[in-house]
Amino acid sequence: CFKTDIPDPQKWNAEEPYLYRLVLDLTKDGMLMERIERKIGFRKIEIKGSQLYINGQRVKLAGACRHEIDPLTGRADTMKYARRDLELLKGANLNYVRTAHYPPPVELLEAADELGVYVEAEAPFCWVRETDGVEHLREVLDPTAAMIDYCHTHPSVIIWSLANESAFNKVFEVSNKLCKQLDPTRPTTFNNPDPKQICDIANVHYAKIPPDDYIYPGDP
């Protein structure tokens, strides 16, 4: 493990997705053994009060969920459509995508980095029951840790989602702590009421909006 300082780097955000090219060479006796090349970005995520800030600027997220599915091929070959999906999303004036309900392919993350799309990476859990207890702890923590290891180098990923529409039990309290331990730079969210308000971002599905209360003519 080694560290290096980058003085005053140009920052990455959805409006200006500036990326640096990182090249790592492994040599032995002057001979190149391996080379790794990646695109990386610098940005800072903060929550102040109830507001989300990227690089000190308040950000409003406008986006949608994305499933790995295609109208013609179903769940096959979805990776090749990742960039096109994000181009369509950007064309609709959206800046945010939620990977419901599992981590995305690397093609989507690379496209999000390059095009400038904020990503909520969601762990692969859905409708976990209240009765699911600590006996399932490893089944939750292992995939969650793998998600962070897989996604954490991408600047587009700004939020970790612990699960979709599940009961916030002891397992997810520990999962939230794991996320904070492995990556303290990103906030967490939980897609259901979090009664203890442990996660950084509240996430309520199916909240009522004014049209829900409208009485249409002819309704009983």
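Going by a ≥ b ≥ c, the root eigenvalues of the Cα gyration tensor, does region 42-113 fall in the rounded group (a/c under 1.5), the prolate group (a/b larger than b/c) or the oblate group? It is prolate, given that a/c is not under 1.5 and a/b is the larger ratio. Its DSSP H runs of at least 4 residues, each contributing -39,500 (n - 2.57), put the calculated 222 nm mean residue ellipticity of the chain at -7000 deg cm²/dmol, to the nearest 500. Indicate the gyration tensor shape class of region 146-201 (rounded, prolate or oblate), computed on the Cα atoms with a ≥ b ≥ c the square roots of the eigenvalues: a/c under 1.5 is rounded; otherwise a/b larger than b/c is prolate and the rest oblate. Prolate shape, in that a/c is at least 1.5 and a/b is the bigger ratio. With every protein chain in place and a 1.4 angstrom probe, the accessible-area ranking of Arg98, Arg35, largest first, reads Arg35, Arg98. Ranking Glu15, Glu68 from most to least accessible surface, computed with a 1.4 Å probe over the protein chains only, gives Glu15, Glu68. For region 54-163, a simple Cβ point-charge model (Lys and Arg +1, Asp and Glu -1, everything else neutral) yields a dipole of about 480 debye relative to the Cα centre.
Using C-alpha pairs under 8 Å with a sequence gap of at least 6, the mean separation divided by the residue count of the chain gives a relative contact order of 15 percent.
Listed by chain and number, the aspartates and glutamates placed with their C-alpha closer than 18 angstrom to that of Lys44 are Asp5, Asp8, Glu15, Glu16, Asp113, Glu114, Glu120, Asp183, Asp200; residues fewer than eight positions away on the same chain are left out. The structure-derived value of Cα Rg over 2.2 N^0.38 Å appears in the list (1) 1.27; (2) 1.16; (3) 1.33 under the label (2).
The apolar share of the surface of region 95-147, taken as the fraction of accessible area on carbon and sulfur atoms (1.4 Å probe, ligands and nucleic acids excluded), comes to 60 percent. Report note on the peptides 43-51, 81-89: ranked by the mean count of other C-beta atoms within 10 Å, highest first, their order is 81-89, 43-51. Ligands, DNA and RNA excluded, the heavy atoms of Tyr150 present near 100 Å² of accessible surface to a 1.4 Å solvent probe.
Between the helical axis of 82-91 and the longest alpha-carbon principal axis of the chain there is an angle of about 60 degrees. Summarising the label geometry, the points placed 7 Å from Cα in the beta-carbon direction at His152 and Val134 lie 2.5 nm from one another. Kindly identify region 1-125 as rounded, prolate or oblate by the Cα gyration tensor criterion: order the square roots of the eigenvalues as a ≥ b ≥ c, call it rounded if a/c is under 1.5, otherwise compare a/b with b/c, prolate if a/b is larger, else oblate. Oblate, since a/c reaches 1.5 and b/c is not below a/b. Within the shell of other residues whose beta carbon sits under 14 angstrom from the beta carbon of Tyr81, the net charge comes to -2, with Lys and Arg scored +1 and Asp and Glu -1.
To the nearest ten degrees, helix 137-151 and the longest principal axis of the Cα atoms of the chain are 50 degrees apart. Computed over the chain with a Gaussian network model linking Cα atoms closer than 10 Å, the most mobile of Pro187, Pro71, Pro210 is Pro210. Annotation: per residue accessible area for region 1-123 equals 66 Å², rounded to a whole number [probe 1.4 Å, protein chains only]. Within a straight-line Cα-Cα reach of under 30 Å, Lys48 can be paired with the following lysines, leaving aside sequence neighbours fewer than 8 residues apart in one chain: Lys3, Lys11, Lys39, Lys60, Lys90, Lys170, Lys177, Lys180, Lys196, Lys208.
The values are calculated or read from the model by the stated rules, or taken from the named source; none is laboratory data. Quick caveat: nothing in here was measured; it's all calculated off a predicted structure. Backbone-built Cβ (ideal geometry, glycine too); neighbour counts: all protein chains shown. Just the protein is used for accessible areas: all its heavy atoms, side chains included, with ligands, DNA and RNA removed. Shrake-Rupley method; radii C 1.70, N 1.55, O 1.52, S 1.80 Å.
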